Amino acid sequence: MLGIVITGHGTFASGLLQAVEQIIGKQPGCIAVDFPDGMTTEQLYQALYIASKVCDLGKGGVFLTDLLGGSPFRQAAQLALTHPQLVYPHWQVITGTNMQLAVEMMIMRDEMNTIEFRDRALECGRRGLTSLWHEQQQSKQALPDVDGI
């Protein structure tokens with residue numbers, strides 16, 4: 001199973017992990033690392049490094065980050081590019097993480113390596129970004145009135 005470290009500004013990471021676990025249950029090998037106001041980038045780097053070591057169950061892992069170019073992305077990228085235990089392709093960095101991507105990829109992570117995960121995650125994230133109008137155009141009917149996930 002691939003390890004997952006979710007990180008982002010404020011409480012994005014812990015909030016996303018909590019929401020994912022509400023839908024699909026507790027996730028082993030997955031840790032949220034928040035970047036609250038007042039935390040330095042060096043502290044974030046150290047927290048990401050420790051989380052990656054804890055999450056790596058032997059197959060490597062993925063950093064799921066919130067914003068391209070933001071400090072969580074940059075620190076995860078720095079780790080993945082320079083740290084011997086985390087270097088590509090053993091660890092991947094995904095940015096622009098959304099709920100669709102997180103839920104689907106948590107379910108499928110047992111079956112793939114980090115490169116397969118990376119490529120599939122981008123597809124999931126794009127599929128999860130849509131609008132009601134676009135969905136209606138594809139189905140040519142109104143969405144049913146049922147409870148969601």
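Since every read-out is calculated from the coordinates, none of them should be taken as a lab result. What you are looking at is a predicted structure, and each value in this text was computed from that prediction instead of being measured. All Cβ positions, even for glycine, are placed from backbone atoms using ideal geometry, and neighbour counts span all protein chains on display.
Suppose every Lys and Arg Cβ carries +1 and every Asp and Glu Cβ carries -1, with no other charges. What dipole size does the chain come out with about its Cα centre, to the nearest 20 debye?
Numbers: 10 positive and 15 negative charges, 60 e Å.
Charge dipole of the chain: 300 debye, to the nearest 20.
What net charge do the residues around residue 3 carry, taking every other residue with its C-beta under 10 Å from that of residue 3, with Lys and Arg at +1 and Asp and Glu at -1?
Around residue 3, the surrounding residues sum to +2.
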*Highest GNM mean-square fluctuation, the chain, Cα pairs closer than 10 Å: which of 18, 75, 138?*
138
*q = 0.12, 0.19 Å⁻¹: log10 I(q)/I(0) that the Debye formula gives for the chain, counting C-alpha atoms only*: -0.49, -1.09
*So what's the angle, to the nearest 10 degrees on a 0 to 90 scale, between helix 99-108 and the longest Cα principal axis of the chain?*
70 degrees
*Report, in degrees rounded to the nearest 10, the 0 to 90 angle that the Cα long axis of helix 12-24 makes with the longest principal axis of the chain.*
50 degrees
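Please state the charge dipole magnitude for the stretch 12-97, taken about the Cα centre, from unit charges on C-beta atoms (+1 on K and R, -1 on D and E), reported in debye and rounded to the nearest 20.
Value, rounded to 20: 260 debye.
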*Could you give the angle, 0 to 90 degrees to the nearest 10, between helix 114-127's Cα long axis and the longest principal axis of the Cα atoms of the chain?*
40 degrees
*Taking amide hydrogens as modeled 1.01 Å from N in the peptide plane, which residues meet the under 5 Å criterion relative to residue 92, leaving out close sequence neighbours?*
61, 62, 63
